[in-house]
Every structure is written in structure tokens, then in C-alpha cells.
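The values are calculated or read from the model by the stated rules, or taken from the named source; none is laboratory data. Keep in mind that what you see is a predicted model, and the values were worked out from it rather than measured. Cβ placement follows ideal geometry from the backbone for every residue including glycine, while neighbour counts extend to all protein chains displayed. Just the protein is used for accessible areas: all its heavy atoms, side chains included, with ligands, DNA and RNA removed. Shrake-Rupley method; radii C 1.70, N 1.55, O 1.52, S 1.80 Å.
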Amino acid sequence: MKRHPMLKYLKEEGPLGPRLPLIFCPGCGSGQVLNYTLHAVDKLIEEDEVRRENFLFISGIGCSGRITSHYLNFDSAWTIHGRALAVATGALLANPAFKIVVFTGDGDTGSIGGNHFIHACRRNIDVTILCLNNGLYGMTGGQHAPTTPLGAITTTTPYSNREEAFDLCKLAEIAGAPYVARWTTAHPQQVIKSIMKGLRKKGTALIEILSQCPVHEKMSPVTLLKGFRTKTIHVNKAKESTVGKTFIGEFCDLDKREWNESYQEIIDQFLRTNDKIDE
Amino acid sequence: MNKLWIDERYCKGCLICIDVCPTKALAASQEINSKGYILPVEKDMKRCKSCGLCEVMCPDFAIAIEEVEG
């Protein structure tokens with residue numbers, strides 16, 4: 001029997017019995033994003049010969065938080081709500097060779113961890129942030145979140161949402177992240193390429209992935225994926241009618257000095273002065 | 001003709017694989033399994049080009065396509 005090629009990176013058996021199937025609801029976007037990430041990691045291990053020990057996966061709280069430590073056969077950490085980026089900063093200081101992937105949800109990044117997020121972008125620390133945006137708080141019962149689209153119906157906005165949604169990509173771009181992209185779970189190859197680009201880039205990379213929640217949006221995953229294809233438009237094709245559409249694509253791709261590298265310059269400077277004193 | 005393998009322990013019957021298949025080689029099963037899910041089955045595997053899109057988009061790591069020559 002042939003099995004899924006990415007199962008080699010997952011922990012199927014744990015000390016308390018089998019860990020798979022994944023805990024997510026049928027058709028959840030979190031499992032898909034995990035699949036895309038493993039495809040990108042697989043290509044990086046093959047093409048760039050990155051060692052498996054150099055990957056570190058960090059997540060916060062929420063549905064997206066369940067992705068890392070329980071299932072991945074890599075170094076991983078499941079941290080407190082909204083503070084995944086703070087833990088990532090510490091890990092990067094301890095070992096600058098780490099290739100860090102941070103899984104966060106829209107509640108994790110956009111609301112409780114908002115300040116950690118903008119300051120991680122401002123400092124330009126070398127992490128790849130995968131923000132799974134499903135537009136509501138899935139784990140706690142489908143309440144409306146800062147990223148809920150205008151007019152959407154959730155359990156706490158039964159007569160439709162009257163607040164504008166938070167645009168995390170614009171926020172990251174203005175805060176100074178050098179690589180910002182937005183895709184949906186219906187764009188697998190683009191997501192895989194973006195994750196590879198983000199991991200290769202020295203600096204903060206935000207990849208926002210619009211994800212489906214079939215349970216709280218009360219639609220089949222197939223319908224929701226079709227909706228992602230019709231309701232989004234690539235940022236380079238924005239000359240067409242964009243009313244009611246969400247922009248997807250790469251919003252910025254710059255080369256900037258990374259946080260750890262700029263501190264290393266100060267360290268090197270002092271090491272040089274010490275050498276002179278010794279002479 | 002390629003062969004479809006479904007891991008019945010892992011599949012949750014979201015049927016995304018049937019929707020994304022560009023050649024429509026898969027179909028939904030007529031039977032409900034012991035967990036209450038409808039699993040994908042082979043419809044016309046002669047059309048399968050083993051592009052791997054079903055494997056990439058599966059949220060539960062349950063599907064695999066084996067390439068068989070002839």
C-alpha cells in the first residue's frame with residue numbers, strides 16, 4: 001500500500017497511542033496549510049540541503065496552534081496565546097541558524113498578539129509567519145474576529161458584521177516586513193512557492209493564507225474553496241473590476257538588513273577593539 | 001493505469017480531492033464507512049495523469065496515487 005508522501009515528516013505514533021488522524025474538522029484549511037508547508041520544507045531539504053535539525057516550528061493558541069508540536073516530527077514549540085513571535089525571537093537569538101516557521105491564526109496575530117506582530121515586522125527578525133486567516137475565532141465557537149469581512153454572519157454577529165476587517169498584509173508592509181504575500185488554500189502551488197521564498201529570505205516574511213472553516217461558515221469545503229477562486233483577484237490584474245474582491249499575490253519583496261545580522265555588526269566591532277587592546 | 005490508495009483511518013470525507021482533480025478521475029463512494037464518512041473511490045483511473053494535486057491539497061494526509069505503467 002502506497003501512503004501519502006508527507007507522512008514521513010509526521011509523528012504517527014506517540015507514547016499514548018496513535019496521533020493521527022489530525023484533530024481538525026473535515027475539510028479544515030489548517031491541515032491543507034500543514035500539507036503545503038511540508039511540501040515546501042521537503043523541497044528546501046532536497047534543493048538547498050538544509051538540515052532537518054535547523055527547522056523550528058512555533059505556534060500560538062487556536063486551531064492553528066494545534067498544528068506544530070503534536071504532529072510534526074521536527075523541533076517545535078506550542079506557546080502561549082499571541083506570543084509565538086516572542087518565543088521565535090528568543091529562539092533566533094539562541095541559534096541564528098534556525099529556519100523558523102511560525103503558525104498563527106488571525107486571532108493570534110491580529111488581536112491578542114497584535115503588538116508582537118508589528119514589532120517583529122519592524123525589527124525584521126528572520127522568521128516566516130504563516131497566518132491562517134479564516135475570518136473568525138474557530139476554536140471558541142465561531143465568534144467574530146478583527147479579520148471578519150464586512151457583512152459576514154458569525155455567532156456573535158447574527159445580523160451581519162458592521163465592522164471593517166483588519167488588513168494584516170498592509171499592516172505588515174507598513175511596519176517594515178520585507179516579504180508580504182496573501183494567498184488562499186485554493187492556491188497550493190503559489191503557497192508552496194511563497195513559503196520557500198519566505199524561508200530563503202533573511203528577514204520577516206508574512207504569508208497570509210485565507211483559510212476555510214466549513215463548520216462555522218456552514219458550507220461544504222468544496223463550495224468554500226470555489227468561493228476563494230472567484231472572490232479573489234491577483235494584485236497585478238487589479239485593472240479589472242475589483243468590487244467585492246480580495247487582493248491576493250505578493251505585495252512586497254525587498255532586501256533589508258536582518259535584526260540578528262545588524263546586532264552581529266556591533267558584536268564584531270567590539271571584538272575588533274578588544275583585539276587591538278590585546279596587541 | 002494508476003492506482004488510488006485511501007487510508008481509511010485518516011480520511012474524513014471532505015471530498016476536496018474529487019473537486020480539485022483536473023481530469024475528474026475520482027468519484028464519491030456510494031457507501032458510508034464505519035466512521036460515517038463518504039470516501040473517494042476510483043472512477044476512471046485511465047484519465048489520471050498523476051499530477052499529484054489531490055495529494056498536495058489533502059488536509060488529512062490520507063490519499064496517495066501509485067504510478068503503474070501500462
Within the range B:57-67, count every residue that is outside any loop (DSSP other than H, G, I, E, B), farther than 11 Å from B:ILE16 by Cβ and open to solvent by less than 20 Å² (accessible area, probe 1.4 Å). 2
Which one of these is modelled with pLDDT under 95, small (Gly, Ala, Ser) and surrounded by fewer than 22 Cβ atoms within 10 Å (Cβ to Cβ): A:GLY29, A:GLY62, A:GLY14? A:GLY14
Between a first residue in the range A:120-145 that is more than 22 Å from A:ALA186 (Cα to Cα) and in contact (Cβ under 8 Å) with a residue 24 or more places away in the chain and a second residue that is of a type in the set (Lys, Arg) and surrounded by fewer than 24 Cβ atoms within 10 Å (Cβ to Cβ), which pairs have beta carbons less than 6 Å apart while being 6 or more apart in sequence or on different chains? A:ASN124/A:LYS256; A:ASP126/A:LYS202
Would you mind stating whether A:ARG51 is of a type outside the set (Asp, Glu), more than 19 Å from A:PRO188 (Cβ to Cβ) and without any contact (Cβ under 8 Å) to a residue 12 or more places away in the chain? yes
Condition met for A:LYS8 (more than 9 Å from chain B (Cβ to nearest Cβ), within 15 Å of the chain's Cα centre (by Cα) and surrounded by fewer than 22 Cβ atoms within 10 Å (Cβ to Cβ)): no
What helices (runs of 4 or more DSSP H) completely inside the range A:151-237 contain at least 1 residues that are in contact with a Cys (Cβ under 9 Å, 6 or more places away or on another chain) and open to solvent by less than 20 Å² (accessible area, probe 1.4 Å)? A:168-175, A:221-231
I need a count of the residues in the range B:29-56 that are hydrophobic (A, V, I, L, M, F, W, C), more than 11 Å from the chain's Cα centre (by Cα) and assigned to a helix (DSSP H, G or I). 1
Within the range B:33-44, restricting attention to residues that are away from chain A (no Cβ under 11 Å) and under 15 Å from B:ASP60 (Cβ atoms), which residue is surrounded by the most Cβ atoms within 10 Å (Cβ to Cβ)? B:PRO40
Look at the range B:17-32 and say how many of its residues are open to solvent by 20 Å² or more (accessible area, probe 1.4 Å) and more than 13 Å from every other protein chain (Cβ to nearest Cβ). 7
The listed residue being of a type outside the set (Val, Ile, Thr) and within 25 Å of A:ASN95 (Cβ to Cβ), out of A:LEU7, A:LEU20, A:LEU38: A:LEU38
Looking at this structure, is B:CYS14 within 13 Å of chain A (Cβ to nearest Cβ), touching a residue at least 24 places away in the same chain (Cβ under 8 Å), touching a helix residue (DSSP H, G or I) at 6+ places or on another chain (Cβ under 6 Å) and under 21 Å from A:LEU34 (Cβ atoms)? yes
Those residues of the range A:120-148 which are open to solvent by less than 10 Å² (accessible area, probe 1.4 Å) and more than 17 Å from A:LEU224 (Cβ to Cβ), in sequence order: A:ALA120, A:CYS121, A:ASN124, A:ILE125, A:VAL127, A:THR128, A:ILE129, A:LEU130, A:CYS131
So is B:MET1 more than 21 Å from A:HIS187 (Cα to Cα), open to solvent by 40 Å² or more (accessible area, probe 1.4 Å) and either touching a residue at least 24 places away in the same chain (Cβ under 8 Å) or small (Gly, Ala, Ser) (or both) or not? yes
